[in-house]
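The values are calculated or read from the model by the stated rules, or taken from the named source; none is laboratory data. Keep in mind that this is a model prediction, so the values were computed, not measured. Cβ: placed from backbone, ideal geometry, glycine included. Neighbour counts: every protein chain shown. Only protein heavy atoms, including side chains, enter the accessible area calculation; ligands, DNA and RNA are left aside. Shrake-Rupley method; radii C 1.70, N 1.55, O 1.52, S 1.80 Å.
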Amino acid sequence: MKKSIILLTILLAIPFCISAQPNSKRAKSASKTKTGTDPRIERMIVSTQDIIFIDSIVIDKDIFLSKYKLSPEVGSLYTYDEFFKGSDSQPNSFVHVNEMENKCYFSIEEDQGDMKLYTCDKLDGNWTEPTPLKGLYKEKALEQLNYPFIMADGTTLYFSAKGEESIGGWDIFATRFDSDEGVFLEPENIGMPFNSEANDYMFAIDELNNIGWFVTDRNQTNGKVCIYIFIPSETRQTYPAEKFSTEELKGFANISKISNTWKDGTERKKALNRLASIKKKGTQKGKAGMRFVINDNTVYDKITDFRSKDNINKYKLLTEQKEQLANIEKTLEKARAYYATANPQEKTILKSEILKSEQQYEALEMNIKKIEKEIRNTENNLLNHNKS
């Protein structure tokens, strides 16, 4: 949960996509861009975040989701019509459903053409009526809200929107849910290199594998988009202005050549291995068994893979605690949903219960990470010992 908040803080201060083939000529993006000099753009260029982009994929816009390879723990992304089969058609809307498939976030295009974000829960096998997300529409600074992605903490939300706070078409924004008030905090533009004067959207982070994704139509021909795969950073760093010229900073902001972000290539190589592991798991979807990442090159898919007998017991405890965590999350989701419509007396009681459950959730989450770290350290030591 804390990592998600750190990631949000990093991204909230920082918009240009050329494919991984920097020498190929690309037609100008079909999307309209603002003319003239925008002071915000100049500030964003200077504050461009130092991000390692491990790969990029140019693909038809209408099938870009097929290239997102997220681990199951992150949940799943769908088009609205694919997910809500049999409902009223929403051909331009997208859905993010959580790992347990009992809560989803999505956009709906209204009669007047604007798009807004909603959520609903799965109760007794059926989805509840859509509930609009509160706090995102102050003074209509944002419109056409779409492409939602909620982090595993259930609090940090990314989405794309147009409007006064956008520097181009769609820009990527981030916000957090305030459980005390039952609303989302005012969204903020996450800046460059993620946003540009073109359309940028569908920002997603796989915390388990430390890999991020987003899409843009900058520098692409009509009907094409570029998917960028990157390594999220826990501590926000920018390119030092004294070491780079204005043109070089613009290149980083525009992601003009992803190889310029690789540094010595070590972190990129590790991330590519993690990505390959996710893809491999995807091809084995439906196969029974566990999955526990030991290192960039080793993944256990059955309990007998553990070298330490003590780790077998720890893994069983880990599984039990993850189930407890999931149950607390369900309880919290229901309590937060009820809080929005509760009377003052009920809210007083609920506030205390929600706070208590949040504290239990955070303590359990920290213990789960502690156990996972202990298992990995022991297994890596044993693996290294066997090699020597």
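Between residues in the stretch 349-368 that are on the phi > 0 side of the Ramachandran plot and basic (Lys, Arg) and residues that are open to solvent by 30 Å² or more (accessible area, probe 1.4 Å) and in a helix (DSSP H, G or I), which pairs lie under 7 Å by C-beta distance while being six or more apart or on different chains?
none
Being surrounded by fewer than 18 Cβ atoms within 10 Å (Cβ to Cβ), within 24 Å of GLU109 (Cβ to Cβ), touching a Lys or Arg at 6+ places or on another chain (Cβ under 9 Å) and of a type outside the set (A, V, I, L, M, F, W, C) is the filter here, so list the residues in the stretch 157-198 that pass it.
Answer for the stretch 157-198, where residues must be surrounded by fewer than 18 Cβ atoms within 10 Å (Cβ to Cβ), within 24 Å of GLU109 (Cβ to Cβ), touching a Lys or Arg at 6+ places or on another chain (Cβ under 9 Å) and of a type outside the set (A, V, I, L, M, F, W, C): GLY163, GLU164, GLU186.
Every residue in the stretch 47-66 that is of a type outside the set (Asp, Glu) and open to solvent by 10 Å² or more (accessible area, probe 1.4 Å), please. Steps first, answer last, please.
Step one: of the stretch 47-66, the residues of a type outside the set (Asp, Glu) are 47-49, 51-54, 56-59, 61, 63-66.
Within the stretch 47-66, SER47, ILE52, SER56, ILE57, VAL58, ILE59, LYS61, ILE63, LEU65, SER66 meet the criteria.
If the Cβ limit is 9 Å and pairs must be 6+ apart or interchain, which residue in the stretch 42-55 that is under 8 Å from ILE258 (Cα atoms) pairs with which residue that is part of a loop (DSSP other than H, G, I, E, B) and open to solvent by less than 10 Å² (accessible area, probe 1.4 Å)?
Listed by first residue and then by second, the contacts come to PHE53/PRO193; PHE53/ILE255.
Looking at the stretch 242-347, what helices (runs of 4 or more DSSP H) fall wholly within it and have at least 1 residues that are open to solvent by 80 Å² or more (accessible area, probe 1.4 Å), within 26 Å of ASP200 (Cα to Cα) and of a type outside the set (Val, Ile, Thr)? Explain how you work it out, then say what you get.
Working: elements: 246-254, 266-283, 309-339.
In the stretch 242-347, the matching helices (runs of 4 or more DSSP H) lie at 246-254, 266-283.
Just name the residue that is modelled with the highest pLDDT out of those in the stretch 211-241 that are surrounded by fewer than 21 Cβ atoms within 10 Å (Cβ to Cβ) and of a type in the set (D, E, K, R).
LYS224
Would a scan of the stretch 29-43 turn up a residue that is small (Gly, Ala, Ser) and at pLDDT 90 or above? Lay out the reasoning, then the answer.
Narrowing the stretch 29-43 to residues small (Gly, Ala, Ser): 29-31, 36.
Then drop every residue that is not at pLDDT 90 or above, which leaves none.
No - not one qualifying residue is present in the stretch 29-43.
Give the residue that is modelled with the lowest pLDDT, with candidates limited to residues of the stretch 107-151 that are in a strand (DSSP E or B) and basic (Lys, Arg). So that I can check it myself, show each step before the final result.
In the first step, residues of the stretch 107-151 are kept if they are in a strand (DSSP E or B); the result is 107-109, 115-123, 126-127, 131-132, 142-150.
After this cut, where a residue has to be basic (Lys, Arg) as well, the list is 116, 122.
On the way: LYS116: 95, LYS122: 88.
Ranking the qualifying residues of the stretch 107-151, first place goes to LYS122.
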